[in-house]
1. Report the local net charge at Glu115: Lys and Arg +1, Asp and Glu -1, summed over other residues whose C-beta lies under 11 Å from its C-beta.
2. Can you give me the long-range amide H partners of Val50? Hydrogens built in the peptide plane at 1.01 Å from N, cutoff under 5 Å, separation of 5 or more residues or another chain.
3. Express in % the proportion of alpha carbon pairs of the chain at distances exceeding 30 Å.
4. Starting from the Cα of Trp82, step 7 Å along the direction of its Cβ; do the same at Lys40; then give the gap between the two resulting points in nm.
5. Tell me the per residue accessible area of the chain using a 1.4 Å probe; a whole number in Å² is fine.
6. Using a 1.4 Å probe and ignoring any ligands, DNA or RNA, find the accessible area of His25 and quote it in Å² to the nearest 10.
7. Tell me, what % of the accessible area of the chain is carbon and sulfur with a 1.4 angstrom probe?
8. With the cut-off at 19 Å, tell me which of the pairs Lys46/Lys154; Lys40/Lys149; Lys40/Lys151 have Cα atoms farther apart than that.
Amino acid sequence: MMNVEKKMTFLSLSRNSGNLLMWSHYAASHTGFCIEFNRKNNFFSKAQPVIYRRERGVLNGYISIEEQFNFDKTLLQKPIDWAYEEEERIFASDLESEPLVGNNDIFGESINLLEYPVGAIDGVYLGLRSSDILKEKISEELLRISAGKIKLYKAETDSKYYQLRFQEVLYKK
């Protein structure tokens with residue numbers, strides 16, 4: 001992968017696992033799942049917070065890959081409307097492994113997958129409308145890779161507030 005492409009490939013993370021909009025937008029309307037990572041794991045040491053702004057950042061002409069400060073700063077900016085995401089990014093160029101190129105997305109662009117250590121996973125959260133089949137498959141995989149040490153949670157609607165609550169799910173052994 002070219003240096004510029006690798007620099008522009010990044011893993012997007014959120015500091016908020018219970019945000020209703022995030023579940024609606026990025027987890028197929030609450031039918032998917034969310035992985036909770038341990039922020040203290042060395043894999044995340046180079047994660048950088050996104051800066052949310054009202055004004056666009058300025059790119060003064062061509063910026064070469066050597067001018068990483070400006071390059072990083074530009075790729076870490078988003079409109080303030082997205083602040084609810086509480087996003088952090090890890091650039092592929094800051095990781096030792098190469099991204100794996102997967103299938104294409106709905107726009108025809110390739111999906112780049114970044115590997116992370118199993119020890120970095122603290123939990124997996126199932127969406128409010130996730131299926132029993134998904135729960136079963138994730139339970140089996142978590143048992144296989146961690147002998148049940150990684151916790152599994154299922155979202156529930158809070159009866160008083162507009163928020164999600166997460167109940168721990170017991171593994172089926």
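The values are calculated or read from the model by the stated rules, or taken from the named source; none is laboratory data. What you see is a predicted model, and the numbers here were worked out from it, not measured in a lab. Heads up, the Cβs are rebuilt from the backbone with ideal geometry, glycines too, and the neighbour counts pull from every protein chain shown. Keep in mind that these areas ignore ligands, DNA and RNA; they rest on the heavy atoms of the full protein, side chains included. Shrake-Rupley method; radii C 1.70, N 1.55, O 1.52, S 1.80 Å.
1. Charge balance in the 11 Å sphere: -2.
2. Glu87, Glu88, Arg89
3. So the portion of pairs separated by more than 30 Å is 25 percent.
4. 3.1 nm
5. 68 Å²
6. Roll a 1.4 Å probe over it and His25 shows about 100 Å².
7. Within the chain, the accessible surface is 52 percent carbon and sulfur.
8. In this structure, Lys46/Lys154 exceed 19 Å between Cα atoms.
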